[in-house]
Structure formats: structure tokens, C-alpha cells
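Notes for the one structure printed next.
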Amino acid sequence: MAWSVGQQKTAEEVPLPPTDATGVRDASAHTVQLPSGFLIDSRKRTTLRMVSTTLGVEQLLRQAALRVTRPRVAVLTAVHEHPHADTDSIIGVVREALGGVSHQAVYDVLHALTAAGLVRRIQPTGSVARYESRVGDNHHHVVCRSCGSLADVDCAVGATPCLTASDDHGFAIDEAEVTYWGMCLSCSTAPSS
């Protein structure tokens, strides 16, 4: 279902899947359950969420014990719609949706959403911070050395080999951040000047 940041849906327009006996919504409709401990970026979330409505964004905020405000809905929606966006890009999208909103308000919302585990902040070396809504799974990133484009890379198959260090120095490792560097297809096939 296509939707935009400022678009409001009523419960009648966007029916939610039924809840089970524990009050949890049908996982096949809105989430993908991941094994416990299968986290790379957030120890607070064990599901990969897929949100397609403003109502879904509001529900995520409430589940994270965050107040539902227009800036929070707009910022979280912008991150869902624009993976790996930097703060300035997110501010632009939010301003299109809400009109006037301060830089500080967006920074504060991004900080709150990151702390709540609803978004992930990534900052490859030499790059500004970027944000993504893909949280709770074990994935990495590939960055183009030329243009800075960034893409998700799923972890190698098997039981998270990146969490098995050759020498853990006594640490109980529960997270690994892997960044692959290279040239994207556009840059690697562009004529040299």
C-alpha cells in the first residue's frame, strides 16, 4: 500500500491484523520474527518491522513507550521511506510534510527513535550519520568509495559468522558492525576523466 508522510488513514481504511491471545498482532502481516540474540544494532527489538501506514508508525511509537507526536510520526515515516538518509535529507522530507520544524526538533526525534530501537544510526568512516529503519536483524553495509552510496548487505549464511572473533579477548560478543568498501556499479563503469 502506497502512502505519504502527511497522509492520515483511519482504522476503517487500514485494517490491522487480528491479535493473538497475548495481544500480539499476526507476525506474518507486519513483522518478521527473528531468533532471540540475532541482533546487530538494537538489543531492544527482536523483530524486523515493516510499516505501511501512519497508523502503523503510531503503533510502533506507542509500543516503544514514546508519545505519538506529529514530528515523531513524520521523522519515523521519512526514515522508513528513505533508507540510509542523512539528517539534512530527513529534515527536508519532514518539512515538506509538516511545514516549519526546527533542525533541533528533528535531531531530538532521531535521538529518541534510535534510543528506543526504532531506527538505527550508522556512520561509515568519512560520512555523515545516516539513519535506517531496518533494525533487529543481522545485516551490514557496502559503501562506494567514490560517490558514497550505501546499500544493505545481509550477513553471510549460517549462524552469524561475524560474531565469532578469532580472539575475543574474554569479551562476550553480541554485536558486530561490518562495512564493505568498494566501487558501486555506476562509478566502476563510468569513464575516467
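The values are calculated or read from the model by the stated rules, or taken from the named source; none is laboratory data. Quantities reported herein were computed from a predicted structural model and do not represent experimental measurements. Note: ideal-geometry Cβ built from the backbone for every residue, glycine included; neighbour counts use all protein chains shown.
Among the residues making up the stretch 125-155, a single one is assigned to a loop (DSSP other than H, G, I, E, B), more than 13 Å from the chain's Cα centre (by Cα) and buried (at least 18 other Cβ atoms within 10 Å of the Cβ): C155. Pick from G158, G117, G126, G182: which is more than 19 Å from A64 (Cβ to Cβ) and modelled with pLDDT of 90 or more? Checking each option against the conditions leaves just G182. The selection criterion, being in the same structural domain as E175 (by TED's automatic domain parsing), within 14 Å of the chain's Cα centre (by Cα) and buried (at least 18 other Cβ atoms within 10 Å of the Cβ), does not hold for L60. Is it true that some residue in the stretch 90-109 is in a loop (DSSP other than H, G, I, E, B), free of Cβ contacts under 8 Å to residues at least 40 places away in the same chain, within 18 Å of T69 (Cα to Cα) and among the hydroxyl-bearing types (S, T, Y)? So far as the stretch 90-109 goes, yes, one or more of its residues are in a loop (DSSP other than H, G, I, E, B), free of Cβ contacts under 8 Å to residues at least 40 places away in the same chain, within 18 Å of T69 (Cα to Cα) and among the hydroxyl-bearing types (S, T, Y).
Okay, residues lined up against (1) modelled with pLDDT of 50 or more; (2) over 27 Å from P124 (Cα atoms):
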{"residue": "V24", "(1), (2)": "no, yes"}
{"residue": "A27", "(1), (2)": "no, yes"}
{"residue": "T46", "(1), (2)": "no, no"}
{"residue": "V68", "(1), (2)": "yes, yes"}
{"residue": "T87", "(1), (2)": "yes, no"}
{"residue": "I91", "(1), (2)": "yes, no"}
{"residue": "V94", "(1), (2)": "yes, no"}
{"residue": "Y107", "(1), (2)": "yes, no"}
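Of all residues in the stretch 113-141, which are in contact with a helix residue (DSSP H, G or I) (Cβ under 7 Å, 6 or more places away or on another chain) and within 13 Å of R72 (Cα to Cα)? Answer for the stretch 113-141, where residues must be in contact with a helix residue (DSSP H, G or I) (Cβ under 7 Å, 6 or more places away or on another chain) and within 13 Å of R72 (Cα to Cα): L113, L118, V119.
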